[in-house]
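These notes concern the structure reproduced below.
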Amino acid sequence: MLRRSLLLAAPALVLARGALAQGSNTAAAFGTAARPLRVGVTSGVHAQVLEQVRDLLAKDGFVVRITEFADFIQPNVALQGGEIDANVYQHQPFLDAQKQQRGYDFVPVGKTVLTAMAVFSRKHKAVADLPNGATIAIPNDPTNGGRALVLLAEAGFFKLRAGADFRATVADITENPKRFRIRELDAASIARAIDDVDAAAITGNYAVPAGLQPGRDSLAAESAEGARTNPYTCLAVVRRADAGAPWAAKLASGYADPAVRTFVEEKFGGAVVVGA
């Protein structure tokens with residue numbers, strides 16, 4: 001997988017992976033030129049915000065090295081393997097699902113940003129305009145797929161069983177009078193496939209780089225209000241052994257800085273909201 005690493009410091013001292021994978025908060029001081037804090041993130045919006053946090057922390061002499069990933073799975077694989085020290089891209093339902101499925105012992109140490117999900121179309125201007133049998137793309141991971149189905153149901157595309165939440169699947173659709181077809185795709189690919197479907201549910205971190213704004217271009221969108229309590233607000237995540245490390249708190253604190261909030265507001269126009 002293609003990854004791009006960014007280092008705001010002198011070249012780092014190469015350390016053995018095995019030593020870093022266990023009890024990393026006992027290793028050499030993190031956040032230095034000799035031992036940058038290694039943070040994984042998905043490309044796009046989350047990486048752009050993390051770059052601002054990195055630059056902010058650098059003013060205090062705290063060094064962060066960023067590694068970008070192209071999908072939702074590899075940042076957790078890398079954290080488990082000790083290739084990175086933290087990641088900053090996933091919300092709590094996704095983290096919970098990953099822990100259950102893969103046995104990760106990860107914990108959140110702070111909130112980062114909320115990227116609202118919205119439904120976009122390049123072929124139709126309103127939900128009512130979609131024809132019978134229209135194809136709707138949603139993410140294929142369990143939590144964001146269910147999240148998309150709930151959003152679609154709230155927008156009137158179809159009805160879900162009572163009480164359905166982010167764990168919903170297509171089997172939970174109870175009424176679909178226009179016989180919409182659901183196509184499950186990798187979340188990172190949906191924006192690129194939007195011309196091949198009638199509508200698509202896309203999270204803000206992928207919509208914004210594709211030139212799509214939830215408040216301007218969508219058929220329906222989640223509210224970006226209440227980011228501090230929204231279950232889809234993303235998190236700074238570390239291995240449990242590192243939860244109390246000073247560097248973990250330092251990383252999380254960067255997202256609460258007013259300068260980062262100002263950047264997010266000006267850069268993303270409401271499609272992304274700071275949750276710290």
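The values are calculated or read from the model by the stated rules, or taken from the named source; none is laboratory data. Computed from a prediction, not measured in an experiment: that's the story for all the values here. A quick note on method: Cβ atoms are made from the backbone with ideal geometry, for glycine too, and the neighbour counts reach across all protein chains shown. These accessible areas exclude ligands, DNA and RNA; they are computed on the full protein's heavy atoms, side chains included. Shrake-Rupley method; radii C 1.70, N 1.55, O 1.52, S 1.80 Å.
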## Note on the structure
Set Lys111/Lys267; Lys99/Lys123; Lys111/Lys178; Lys125/Lys267, cut-off 31 Å on Cα-Cα distance; pairs above it are Lys99/Lys123; Lys111/Lys178
### Query
Considering only DSSP beta bridges with both partners in the chain, what is the antiparallel share in %, to the nearest 5?
60
### Query
Given H placed on each backbone N at 1.01 Å, which residues far from Gly40 in sequence or on other chains put an amide H within less than 5 Å of it?
Thr67, Asp85, Ala86, Asn87, Val88
### Task
Find the relative contact order for the chain and round it to a whole percent, using C-alpha pairs within less than 8 Å whose residues are 6+ positions apart.
26
### Task
Take the Cα of Arg179, step 7 Å along the line toward its Cβ, and report every residue of the stretch 118-139 whose backbone nitrogen sits under 14 Å from that point.
131-135
### Message
Could you check the spin-label model distance between Thr229 and Ala33? Points 7 Å from the Cα along Cα→Cβ, value in nm.
### Response
4.7
#### Entry: Tilt relative to the chain, helix 258-268 - C-alpha long axis, 0 to 90 degrees, to 10
40
#### Entry: Between the stretch 182-229 and the stretch 121-152, the alpha-carbon center distance in angstrom
9
### Folded to 0 to 90 degrees: helix 92-102 orientation relative to the chain principal axis, Cα
80
### Task
Using the Cα centre as the reference, give the magnitude of the dipole from point charges on the C-beta atoms of the chain (Lys, Arg: +1; Asp, Glu: -1; all else neutral), rounded to the nearest 20 debye.
280
### Message
Using a 7 Å offset from the Cα along the Cα-to-Cβ direction at both Asp165 and Thr262, what is the distance between the two label points in nm, to one decimal?
### Response
3.8
### Message
Along the Cα→Cβ direction, 7 angstrom out, place labels at Lys123 and Asp60. What is the inter-label distance in nm?
### Response
5.1
### Task
Using only Cα atoms, tell me the angle between helix 246-255 and the longest principal axis of the chain; keep it within 0 to 90° and round to the nearest 10.
40
### Message
Tell me the per residue accessible area of the stretch 203-252 using a 1.4 Å probe; a whole number in Å² is fine.
### Response
42
